[in-house]
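Asker: Handing you this structure, nothing more for now.
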Amino acid sequence: MSEREVGYEEFLAPGRDREQARVVHQALQHLAKGGAGAVLQEMAREVLSGRVGLREAVRVGAYSDALGEHAHLARRAWEDMPEEERERRRAEARSALDAEGYGGAGTGQR
């Protein structure tokens, strides 16, 4: 039997529209697969199961440290990337968001 997973609606919050909540949900699903390490995998699984809220999870020292380190590494990789590659990835992200119906991501448009 598979574990229950909360829907994206769980991540609706003041200042966060449905599209942003879906992106948070998808990011947690990605982390739950383990690509960013065991600590973030555990955090994502706890949040997606509903056992821990997202706000509570980021207050846990080990989770917060892992998120900070992952963000730092991602930022460094982005900054080290040639500008042409960054622009290509921006275009890919815009295209993926448009394909998913998030053309107005961050604006509440759909």
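Asker: Can you name every residue in the stretch 1-43 that is part of a loop (DSSP other than H, G, I, E, B), touching a residue at least 40 places away in the same chain (Cβ under 8 Å) and either open to solvent by less than 80 Å² (accessible area, probe 1.4 Å) or of a type outside the set (Asp, Glu) (or both)? Quick ask: steps written out before the conclusion?
Answerer: Within the stretch 1-43, the subset part of a loop (DSSP other than H, G, I, E, B) is 1-7, 12, 14-15, 17, 33-37.
Narrowing the set further to residues that are touching a residue at least 40 places away in the same chain (Cβ under 8 Å) leaves 3-6, 17.
Those that are part of a loop (DSSP other than H, G, I, E, B), touching a residue at least 40 places away in the same chain (Cβ under 8 Å) and either open to solvent by less than 80 Å² (accessible area, probe 1.4 Å) or of a type outside the set (Asp, Glu) (or both): Arg4, Val6, Asp17.
Asker: Right, another one. Output the residues belonging to the stretch 48-90 that are open to solvent by 50 Å² or more (accessible area, probe 1.4 Å), more than 17 Å from His30 (Cβ to Cβ) and among the aliphatic types (A, V, I, L, M).
Answerer: Matches in the stretch 48-90: Val60, Ala62.
The values are calculated or read from the model by the stated rules, or taken from the named source; none is laboratory data. As the structure is a computational prediction, the values presented were derived from the model and not from experiment. When we count neighbours, we look across all protein chains shown, and the Cβ atoms used for this are built from the backbone with ideal geometry, even at glycine. Surface accessibility is based on the protein's heavy atoms, side chains included, excluding ligands, DNA and RNA. Shrake-Rupley method; radii C 1.70, N 1.55, O 1.52, S 1.80 Å.
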